[in-house]
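*Asks:* Pasting a structure here, questions to come.
The values are calculated or read from the model by the stated rules, or taken from the named source; none is laboratory data. Nothing here was measured: the structure is a model prediction, and the numbers come from that model. Cβ placement follows ideal geometry from the backbone for every residue including glycine, while neighbour counts extend to all protein chains displayed. In case anyone asks, the SASA skips ligands and DNA or RNA and just uses the protein heavy atoms, side chains included. Shrake-Rupley method; radii C 1.70, N 1.55, O 1.52, S 1.80 Å.
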Amino acid sequence: MTSYDPMDLQNILENAVQYWCTHAVIEVSSHWLEQNRFDYVSFHCAGLTNITAEHLDYHKNIDRYASSKQKLFYKLQKSGNKWTAVLPLDDDFGKRRSQRMRFWKTYTFGFGNNAQLQATHIVEHEKHTDFILNFMGQKHQIKTPLVGKFNVQNVLAAIWLVLWAGVPLTTILEHIPTYVQAKWRQHHILLWGIDRYIDYAHTPNGLEMMLNYLESIKKWWRVICLFGAPGQRDRAKRPEMWRVADRIADIIILTDDDAA
C-alpha cells in the first residue's frame, strides 16, 4: 500500500508532532489523490519524478493518470503556504507544469542545460553510478550506489527536496555515497559466476530503463530477461513490456505470474 489510510495518516502525523518532528516526507499515490484522501493534509513542498504509463487499469489512460497527479500541485497552490514545486524538465508533464503552473518557488532538475540542478557526464557501472552535479555555477563529483540514469534523476529530485528542508548541500553530498539500497530494487546477486539483477520493474518504462542499464554495462555476456504481469491488473501494458524486452534483451523468459 503506497499511501496510508487517511485516519492512520492523520494519527501518525499527530504523533510525529508530539515527538517534535518538524518534517514529514509522504509518498502520494494517484489513487489516493483521485479519491481525495489527502484533503486534510497541508503540503508545503511537492516533488514529481516522472509520469509514465502506470495504474492504467484504474485511470484508463495516461492523461487521466497525469491529471490525478496534478491534483497534488493544485492542493499545494491552495494550501496557503509558501508552496514550492520540484519538477523534472526531462519529463513532458513536469516541463508543462513548470511552464503553466505558478508556485511561490519552482525548482527544476534534469540532464538539460535549462535545469537548475543538472547532472552531466553520467558513467554507469555494475554497482554504482558516477556523475557531475552542476548547481549554481559549481560542479560536484557524485558517486551513488544507485544504478541507472533513472536513479540519477531520483537523486536530483531528492537533493532539491532536502535543500528545501534546509539541509546544507555539503551535508547532502556527504551522505549520497552512504545510501543503503532498498532490497529488490536493482538488487545485484552474483551466483555461479552469473550476474543476476532483481528489480520491481512492473511497467514498460521501468522495464526499459532497467534493461537499458544492463545493456550499457554488459561486456561479452547476454541479457536474459525474465518477467511477468499480474493477470488481474493492467493488461494494456503487457504487449508494451514485451516490445521493450524484445528490442533490448537477447533472451526472454515470460512467466504467467498468476491466473489471467
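*Asks:* So ARG235 clears everything in (1) open to solvent by 60 Å² or more (accessible area, probe 1.4 Å); (2) farther than 17 Å from ASP256 by Cβ; (3) in a loop (DSSP other than H, G, I, E, B) except one condition, right? Which one?
*Replies:* (2)
*Asks:* Also, I was wondering about something else. Of all residues in region 210-238, how many are among the aliphatic types (A, V, I, L, M), closer than 24 Å to ILE122 by Cα and modelled with pLDDT of 85 or more?
*Replies:* The qualifying residues number 4.
*Asks:* Could you please give the count of residues in region 146-163 that are outside any helix (DSSP H, G or I) and either of a type outside the set (Val, Ile, Thr) or open to solvent by 30 Å² or more (accessible area, probe 1.4 Å) (or both)?
*Replies:* The qualifying residues number 2.
*Asks:* Could you list, in sequence order, all residues of region 1-20 that are of a type in the set (Val, Ile, Thr) and exposed (fewer than 12 other Cβ atoms within 10 Å of the Cβ)?
*Replies:* The answer is THR2, VAL17.
*Asks:* For residues in region 21-34 being open to solvent by less than 70 Å² (accessible area, probe 1.4 Å) and assigned to a loop (DSSP other than H, G, I, E, B), which is nearest to ARG64 (Cα to Cα)?
*Replies:* SER29
*Asks:* Turning to a different aspect of this structure: Given the criteria without any contact (Cβ under 8 Å) to a residue 24 or more places away in the chain, part of a helix (DSSP H, G or I) and touching a helix residue (DSSP H, G or I) at 6+ places or on another chain (Cβ under 7 Å), does ILE176 qualify?
*Replies:* Considered against the rule, which asks whether it is without any contact (Cβ under 8 Å) to a residue 24 or more places away in the chain, part of a helix (DSSP H, G or I) and touching a helix residue (DSSP H, G or I) at 6+ places or on another chain (Cβ under 7 Å), ILE176 comes out as no.
*Asks:* Right, another one. Among residues belonging to region 164-180 that are surrounded by 12 or more Cβ atoms within 10 Å (Cβ to Cβ) and of a type in the set (A, V, I, L, M, F, W, C), point out the one that is farthest from ASN134 (Cα to Cα).
*Replies:* Checking each candidate, the answer is ALA165.
*Asks:* Identify the residue in region 77-100 that is open to solvent by less than 70 Å² (accessible area, probe 1.4 Å) and touching a His at 6+ places or on another chain (Cβ under 8 Å) and, among all such residues, is modelled with the lowest pLDDT.
*Replies:* The qualifying residue modelled with the lowest pLDDT is ASN81.
*Asks:* For region 186-232: of the residues being of a type in the set (S, T, N, Q) and loosely packed, with under 15 Cβ neighbours inside 10 Å, which is nearest to LEU254 (Cα to Cα)?
*Replies:* Result: GLN232.
*Asks:* Moving on. Scan region 22-50 and report the pairs whose first residue is touching a residue at least 60 places away in the same chain (Cβ under 8 Å) and within 18 Å of ALA85 (Cβ to Cβ) and whose second residue is open to solvent by 20 Å² or more (accessible area, probe 1.4 Å) and hydroxyl-bearing (Ser, Thr, Tyr), with Cβ atoms within less than 9 Å and a gap of 6+ or a chain change.
*Replies:* CYS45/TYR107; GLY47/TYR107
*Asks:* Where residues in region 113-124 are part of a loop (DSSP other than H, G, I, E, B) and in contact (Cβ under 8 Å) with a residue 12 or more places away in the chain, which of them is surrounded by the most Cβ atoms within 10 Å (Cβ to Cβ)?
*Replies:* ALA115
*Asks:* For GLU215, are the conditions met, namely being of a type in the set (D, E, K, R), touching a residue at least 60 places away in the same chain (Cβ under 8 Å) and assigned to a helix (DSSP H, G or I)?
*Replies:* no
*Asks:* Also: Which residue out of LYS127, LYS143, LYS183, LYS139 is touching a Pro at 6+ places or on another chain (Cβ under 6 Å), open to solvent by 30 Å² or more (accessible area, probe 1.4 Å) and over 26 Å from LYS69 (Cα atoms)?
*Replies:* The match here is LYS143.
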